[in-house]
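To start, the structure under review is shown below, and the notes come after it.
Every number in this text was worked out from the coordinates using simple rules, so none of it is lab data. This structure is a prediction, so every number in the text was calculated from the model and none was measured. Methodologically, a virtual Cβ is constructed for each residue, glycine included, from the backbone with ideal geometry; neighbour enumeration extends over all protein chains shown.
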Amino acid sequence: MEMSQHHHPDSLLNVMNADRRRKPYSNPSSSTHSSKASLIMAFISCLAWLYVAGRLWQDAGNRALLSNLLQKSSRNLPRVVTVEDKLMDLGCKEIGRKIVEAEMDLTLAKSQGYLRHNSSSSDPRLLAVIGAYTGFGSRLNRKRFRASWMPRGDDLKKLEESGVVLRFVIGRSPNRGDSLDRNIDNENLKTKDFLILDSHEEAGEELPKKVKFFFSAAVERWNADFYVKVDDDINIDINGLIEILKSHHDRHGAYLGCMKSGAVVSEEGKPWYEPDWWKFGDDKSYFRHAAGSIIILSNSLAHYVNVNSASLKSYAHDDISVGSWIMGLDASYVDDDRLCCSSSRQEKVCSRA
């Protein structure tokens, strides 16, 4: 009994010691610091969340405001109006379609020779329109021509009444409206014997195109059986030329002149050089064409030049250019040596001035 009483306190003490050995040592001060750090981190996290949420809320508000402004602005912007919309608003869509059809009909009529500028169906048909080339520096030549073979004043009017129109042909200055243009306009006011080609620039490099502008302008202004281009360095026997034209009055598609052909000059720098020489084949030979001094086209051929002038190729020389245009057509070539100005034949109608 005593032994058991003395043994119990020892056992309890042993148990308490063992329990102390199992529990780790804890510092009260360390626990306090950990709690404070946790609170600080939680507070910072809360602030960060509030900041991010505020920015998101602000951005959403800005986007909504910008969207409203864009919608209001788009409603106030003018709508782009197309030609189709305008025609619909005016009720002119059908009229526009008819205008297009009318333009197509006009083009067809022009190609068939029914339309002429500044003329009417009641105008008498002329025998010929003769265009004598001239330039800004050729005033003395024009005076000499008027004093010799070219009628003036009342005689010019009588010639027109007989069916032949005769005009000096000239383009416009490269500097439009300068003294060159004004001098020609003033001279024309006195003599009234010019055909001024407003679409043509009177310059050396543009000379091959002049014949195209002449035929087109003459066809649109006068209705004639023939259209005659004449160089500015020859004298013309008007009566003899009229007789030749009358003899071919009924010939359709007539192409008249002093016909020739010859070698193409391919060496740059030489007279009559042709930059497009390679287009004339390995033999480098020109096709048959009326020499440059006098070129005569019938009504139908001149109309062809007028209608297709925009697409017709001009070579270095105007007589070659005209010959290339006619070569592919069903034309009647009339080679008359009376139209060869360098010929020795007595009955010729032209001679070098």
Placed amide H near Phe226: partners under 5 Å, 5+ positions off or other chain: Ala128, Val129
Placed amide H near Asp237: partners under 5 Å, 5+ positions off or other chain: Cys350
Sorted by Cβ density within 10 Å, fewest first, the residues Arg352, Arg172: Arg352, Arg172
Rounded to whole Å, sorted largest first: equivalent-ellipsoid semi-axes of the range 227-300, Cα gyration tensor: 30, 16, 9
Karplus (6.51, -1.76, 1.60) ³J(HN,Hα), θ = phi - 60°, over the range 241-249, in Hz, Gly and Pro reported as x: 5, 4, 5, 4, 5, 5, 5, 10, 4
HN-Hα J in Hz across the range 302-308 - Karplus 6.51, -1.76, 1.60, θ = phi - 60°, x for Gly and Pro: 5, 5, 4, 4, 4, 5, 9
Highest-first arrangement of 187-196, 263-272, where packing means the average Cβ count within 10 Å: 187-196, 263-272
Shape category assigned to the range 262-353 from the gyration tensor of Cα positions, a/c cut at 1.5: oblate
Whole-Hz couplings from phi, Karplus 6.51/-1.76/1.60, listed for the range 285-297; x for Gly and Pro: 10, 6, 6, 5, 7, 6, 4, x, 4, 9, 10, 10, 10
Exceeding the 18 Å Cα-Cα cut-off - candidates Lys210/Lys260; Lys192/Lys212; Lys212/Lys260; Lys260/Lys284: Lys210/Lys260; Lys192/Lys212; Lys212/Lys260
